[in-house]
Amino acid sequence: MIESSPILEARGIQVIRGGTILLDISSFLIHEGEILSLIGPNGAGKTTLLQTLSYLLKPFQGEILFRGRKIEANHSVLEYRRRLAMVFQEPLLFDTTVFNNVASGLKIRGMKKSEIHDRVIEQLDRFGISHLKDRSAKTLSGGEAQRTSLARAFSIQPEILLLDEPFASLDPPTRDALVEDLERVLRGTRTTAMFATHDRLEALRLSSRIAVMDGGRILQAGSPEEVMNHPVDEFVASFVGVETILSGKVIRQNGGTFIASIEGHEIEAVGEAHLGETVVLCIRPENVTLSIRPSQEGTSARNVFPGRIMKITSLGLYQRVHLDCAFPLVAYVTNHSLKELSLTEGKEVSASFKATAVNVIRKGES
Amino acid sequence: MDLILEGIKKAFWLLITFDPEVMGITLLSLWVSGIATLISLFFGISIGVAVALSRFTGKKIVVSLINTGMALPPVVVGLFVSNFLWRNGPLGFFGILYTPTAMIIAQTVIATPIVMGITLAAIQQLPQKLRLQILALGATRLQMVWILIKEAKLPLLAAVMAGFGGVISEVGASIMVGGNIKGYSRVLTTATVMETSRGNFDIAIALGIILLLLAYFINLILTQIQQRTRPR
């Protein structure tokens, strides 16, 4: 990750429509060369944030700084917009050829024809659509159209690229190919990028930093590792794939670890917490190991609980196992282990997870 | 049946002999309606785009007024334009009543809402986000409007056809403000009305056929342009 001065900064941004606050961001930064993904459910404010940052939506209050300079509504917006590019979920191509579409941003800037030609050819090649050059944009498939849209965005050599769920309406194979190409081009050109998605795997794959949004706010921003493993609250936890979220009270402490009581069961977690404090424990399903009772030896896990399998659902490569250990617990097992352990609904098993696998959200004294 | 056959024969004759009176009438029709359409394109497209792109209270009322205007009865337009241009009317001092200029004014009033209404619909029918995309590509407001007009070129060509078709075929306003003066303000439609009322069905039919052919060829040319610009 490249750390340098922020390329884009938002301070105290609020967007209000019809009395509802759509966006409320006290402070937000993106650094040069960074690839930041915005994740959150529909209506979280991702689109609004991207449109506000590109000044397509005028914020009710607050300011946006590009390379330390404040964007003024009247005179610097156009200049600013000409240094960024934006890609939407829909390709939004013009009714002309692929070539002219890719050239459109350059034409708007009044660039010379010969220069436009070279740049467009370069982008067409980069996104593997050179053979579509003279095709009408109306005849393209979804993937080809989105490639054209990306090529159009990159042709202006933006200093920052904003993408609003660019792959959301594509089928999985097309989407995978496109994500791969985008990743390659982003890394190759070292373009600063920010993209909205509701697919956390896409976010994990592309970004150096993840921001989780809901209700117009950024709930947490940090490295993928940090957000995935140390969510700040239950919402972020569930959104980043934590399937077990338990609330309990701290009943014992011993230097660096503590024991919380959940429905009368004791779970050990790593972290600081006061006695009697309410804590929320988040356990990712891939960190839970199942074994057939009563063999509890051979594991360093302190948290071992007997439980009954309530439900098994297939996730394709994995199986999601819902357990009742007096508290609900979810584990992922591979198809192979499912067979080997002959796990079936109703079976008694033993579930274990390490104290370090428990993420703690402190709720304070109650 | 004889009447129609006679009419067709006569029309054919008038056409191949380039009958000066018929030619004069045809050219004046083309001139008046052509100019009126051009003027209406200017006003219709600019106002139509402006209304489509702006947000203001009462927009719905304005839009429904424009849509009503698309069905403006030519006779009513004729009545109002006559009133304005009447010797004692507010614009009477121009002294242009019963001239081709007055006809151009009346036809412009008829065609403008047609062009405006179609433009409005054409622009509104473009995806909302297209505007954002164009701005995000670094376009000025003017560049954005120009790109949007280009994007809506097919329905806008339909607007040209509808506007021209509306005025070349109207008779009420032309007769009221033009006066159907022989060799001066007589156009195809007014001449057809007159010949029919006189019982000269053959000439009337001839004029009618010329009018039809004219409308057909103009639309054929515009359709050619439309089809050519359509993506391959």
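The values are calculated or read from the model by the stated rules, or taken from the named source; none is laboratory data. None of these values were measured; they are calculated from a predicted model. Heads up, the Cβs are rebuilt from the backbone with ideal geometry, glycines too, and the neighbour counts pull from every protein chain shown.
Test A:Gly19 against the stated conditions and say whether it is in the same structural domain as A:Asp199 (by TED's automatic domain parsing), surrounded by 15 or more Cβ atoms within 10 Å (Cβ to Cβ) and at positive phi. Step through it out loud before you land on a result.
Values: in the same structural domain as A:Asp199 (by TED's automatic domain parsing): yes; surrounded by 15 or more Cβ atoms within 10 Å (Cβ to Cβ): no; at positive phi: yes.
No.
Report the residue count in segment A:307-358 for those that are in contact with a Pro (Cβ under 8 Å, 6 or more places away or on another chain), more than 12 Å from A:Ile283 (Cα to Cα) and aromatic (Phe, Trp, Tyr).
Summing the residues that are in contact with a Pro (Cβ under 8 Å, 6 or more places away or on another chain), more than 12 Å from A:Ile283 (Cα to Cα) and aromatic (Phe, Trp, Tyr) in segment A:307-358 gives 0.
Scan segment A:148-185 for residues that are in contact with a helix residue (DSSP H, G or I) (Cβ under 7 Å, 6 or more places away or on another chain) and of a type in the set (Lys, Arg) and jot them down.
A:Arg152
Where the second residue is surrounded by fewer than 17 Cβ atoms within 10 Å (Cβ to Cβ) and hydroxyl-bearing (Ser, Thr, Tyr) and the first is under 16 Å from A:Lys354 (Cα atoms) and lies in segment A:252-270, which pairs have Cβ atoms under 6 Å and are six or more apart or on separate chains?
Once the first residue is under 16 Å from A:Lys354 (Cα atoms) and sits in segment A:252-270, its partners that are surrounded by fewer than 17 Cβ atoms within 10 Å (Cβ to Cβ) and hydroxyl-bearing (Ser, Thr, Tyr) give A:Val270/A:Thr356.
In segment A:339-354, how many residues are in contact (Cβ under 8 Å) with a residue 12 or more places away in the chain and over 30 Å from the mean Cα position of the chain (by Cα)? Give the derivation first.
Residues of segment A:339-354 that are in contact (Cβ under 8 Å) with a residue 12 or more places away in the chain, as a first pass: A:341, A:343-354.
Subsequent filtering for residues that are over 30 Å from the mean Cα position of the chain (by Cα) retains A:341, A:343-350.
Total satisfying the criteria: 9.
For segment B:40-55, how many residues meet the condition of being touching a residue at least 12 places away in the same chain (Cβ under 8 Å) and either assigned to a loop (DSSP other than H, G, I, E, B) or not polar (S, T, N, Q) (or both)? If you could, list the steps in order and put the result at the bottom.
First, pick out the residues of segment B:40-55 that are touching a residue at least 12 places away in the same chain (Cβ under 8 Å): B:40-41, B:43-45, B:47-49, B:51-53.
If we keep only those that are either assigned to a loop (DSSP other than H, G, I, E, B) or not polar (S, T, N, Q) (or both) too, we end up with B:41, B:43-45, B:47-49, B:51-53.
So the answer is 10.
Among the residues of segment A:258-269 satisfying the criterion of being at pLDDT below 90 and not charged (D, E, K, R), which is surrounded by the fewest Cβ atoms within 10 Å (Cβ to Cβ)?
A:Gly264
Tally the residues that are among the aliphatic types (A, V, I, L, M), more than 9 Å from chain B (Cβ to nearest Cβ) and in contact with a helix residue (DSSP H, G or I) (Cβ under 7 Å, 6 or more places away or on another chain), restricting the search to segment A:107-144. Before the answer, list the steps.
Narrowing segment A:107-144 to residues among the aliphatic types (A, V, I, L, M): A:108, A:111, A:116, A:120-121, A:124, A:129, A:132, A:137, A:140.
Subsequent filtering for residues that are more than 9 Å from chain B (Cβ to nearest Cβ) retains A:111, A:116, A:120-121, A:124, A:129, A:132, A:140.
Cutting the leftovers down to in contact with a helix residue (DSSP H, G or I) (Cβ under 7 Å, 6 or more places away or on another chain) gives us A:116, A:120, A:124, A:129, A:132, A:140.
Count: 6.
Please go through segment B:124-152 and give me each residue that is outside any helix (DSSP H, G or I), within 7 Å of chain A (Cβ to nearest Cβ) and surrounded by 18 or more Cβ atoms within 10 Å (Cβ to Cβ), ordered by number. Working first, answer last.
We begin by selecting, within segment B:124-152, every residue outside any helix (DSSP H, G or I); these are B:125-127, B:137-140, B:152.
Remaining after also requiring within 7 Å of chain A (Cβ to nearest Cβ): B:127, B:137-140.
Of everything in segment B:124-152, those that are outside any helix (DSSP H, G or I), within 7 Å of chain A (Cβ to nearest Cβ) and surrounded by 18 or more Cβ atoms within 10 Å (Cβ to Cβ) turn out to be B:Leu137, B:Gly138, B:Ala139.
Does segment A:202-211 contain any residue that is hydroxyl-bearing (Ser, Thr, Tyr) and either modelled with pLDDT of 90 or more or in contact with a helix residue (DSSP H, G or I) (Cβ under 7 Å, 6 or more places away or on another chain) (or both)?
Taking segment A:202-211 and keeping what is hydroxyl-bearing (Ser, Thr, Tyr), we get A:207-208.
Keeping just the survivors that are either modelled with pLDDT of 90 or more or in contact with a helix residue (DSSP H, G or I) (Cβ under 7 Å, 6 or more places away or on another chain) (or both) gives A:207-208.
Looking through segment A:202-211, at least one residue is hydroxyl-bearing (Ser, Thr, Tyr) and either modelled with pLDDT of 90 or more or in contact with a helix residue (DSSP H, G or I) (Cβ under 7 Å, 6 or more places away or on another chain) (or both).
Since B:Ser169 meets every condition but one in (1) away from chain A (no Cβ under 14 Å); (2) surrounded by 18 or more Cβ atoms within 10 Å (Cβ to Cβ), which condition does it not meet?
With (1) away from chain A (no Cβ under 14 Å); (2) surrounded by 18 or more Cβ atoms within 10 Å (Cβ to Cβ) applied to B:Ser169, the lone miss is (2).
For segment A:76-96, which positions are buried (at least 18 other Cβ atoms within 10 Å of the Cβ), free of Cβ contacts under 8 Å to residues at least 60 places away in the same chain and more than 8 Å from every other protein chain (Cβ to nearest Cβ)?
Passing the criteria: A:Tyr80, A:Pro91, A:Leu93.
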